[in-house]
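The values are calculated or read from the model by the stated rules, or taken from the named source; none is laboratory data. What you see is a predicted model, and the numbers here were worked out from it, not measured in a lab. Glycine also receives a Cβ, built like all others from the backbone with ideal geometry; neighbour counts cover every protein chain displayed.
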Amino acid sequence: MSVAFEARAVSKNYRTTRALAGVSLTIEAGELVGLIGPNGAGKSTLVKIACGLVHPSSGEAEICGAPAGSDAARASLGYLAELFRFPGWLRADEVLELHQELAGSKGGAAERRELLEIVGLGEVAGRRVEAMSKGMQQRLGIAQALVGAPRLLMLDEPTSALDPEGRRVVRDILKEVRARGIGVLLNSHLLTEVELVCDRVVILSRGRIITERRPQDFYAAGVEIETGTGLRTYPAAQRDEIPELVRELVEAGERIYSLRSLKPTLEEVYLEAVEDERS
């Protein structure tokens, strides 16, 4: 199955409030997609529909070809909520064993060992949750979402409470998950994290997808070159054109002191896109 998740013209109304207005989105196996948007954009509603916790008012959502909310869809889905808490007295291995029972996984001790190794907790399988750092608990949360070998992983703000080192560790885990052919939907407000790890970024605003592209495709072209006679700006220059521009300047007798890409940050692109949609 090459498609891990597909939403087709999904809309959701809560009485007089429209949370989603015809959202269509596909996530391929092994693709890591970042979902970003302002509060109230409909991100959580889309995730709940995928999990089968909310039924769409119209449209369809599928997990690996099975209708969202069906037994087959749930068996193919792993989920980590933004706010979660495991019983403090349970050991890491016991947390996974509990979730194996809940998910009906027959992986046993071998699956638990493998998942703890994936998230870097192999040496603390016997440690109680209450003795773990926030970062360790977050990684354990990702491990429980992987119980039962899901084909789609949905993560809600998995790095929001972590320090930079913890975020780097989670990014490495997500890359390992993607390499295993698992589709990932990453719902996050941390745009830098999305930019660093995602294959594609989807911006949702007022219940609609206003744009979706690869992170590198959001950026405008352009380069600034500081020469001995002043600053030269080439707003339409593409990356592949830079060596030729530098060569031409040097041949013309210019001295090159610095070169700077005019690439904006994802935050700037995001804010501009959301503002344009509201206008």
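Being farther than 30 Å from A125 by Cα, more than 20 Å from the chain's Cα centre (by Cα) and modelled with pLDDT of 95 or more holds for only one residue in A68, A61, A9, and it is A9. Counting only strands (runs of 3 or more DSSP E) that fall entirely inside region 171-260 and contain at least 1 residues that are within 19 Å of A273 (Cα to Cα) and under 34 Å from the mean Cα position of the chain (by Cα), the qualifying elements are 183-187, 200-205, 208-213. Residue-level check: of (1) of a type in the set (A, V, I, L, M, F, W, C); (2) surrounded by 14 or more Cβ atoms within 10 Å (Cβ to Cβ); (3) assigned by TED's automatic domain parsing to the domain that holds R8, L53 misses just (2).
For the structure I just gave you, tell me whether S188 is surrounded by fewer than 18 Cβ atoms within 10 Å (Cβ to Cβ) and either at negative phi or of a type in the set (S, T, Y) (or both). Considered against the rule, which asks whether it is surrounded by fewer than 18 Cβ atoms within 10 Å (Cβ to Cβ) and either at negative phi or of a type in the set (S, T, Y) (or both), S188 comes out as no.
Applying a threshold of 7 Å to beta carbon distances and a minimum spacing of six or more residues, or different chains, the list of pairs starting in region 32-47 at a residue that is on the phi > 0 side of the Ramachandran plot and ending at one that is assigned to a helix (DSSP H, G or I) reads G37/K43.
Given the condition farther than 16 Å from A9 by Cα, outside any loop (DSSP other than H, G, I, E, B) and in contact (Cβ under 8 Å) with a residue 60 or more places away in the chain, answer yes or no: does some residue in region 49-64 qualify? Yes: one or more hits.
Does E97 satisfy the criteria of being under 27 Å from L35 (Cβ atoms) and acidic (D, E)? Step through it out loud before you land on a result.
Working: under 27 Å from L35 (Cβ atoms): no; acidic (D, E): yes.
Criteria not met by E97.
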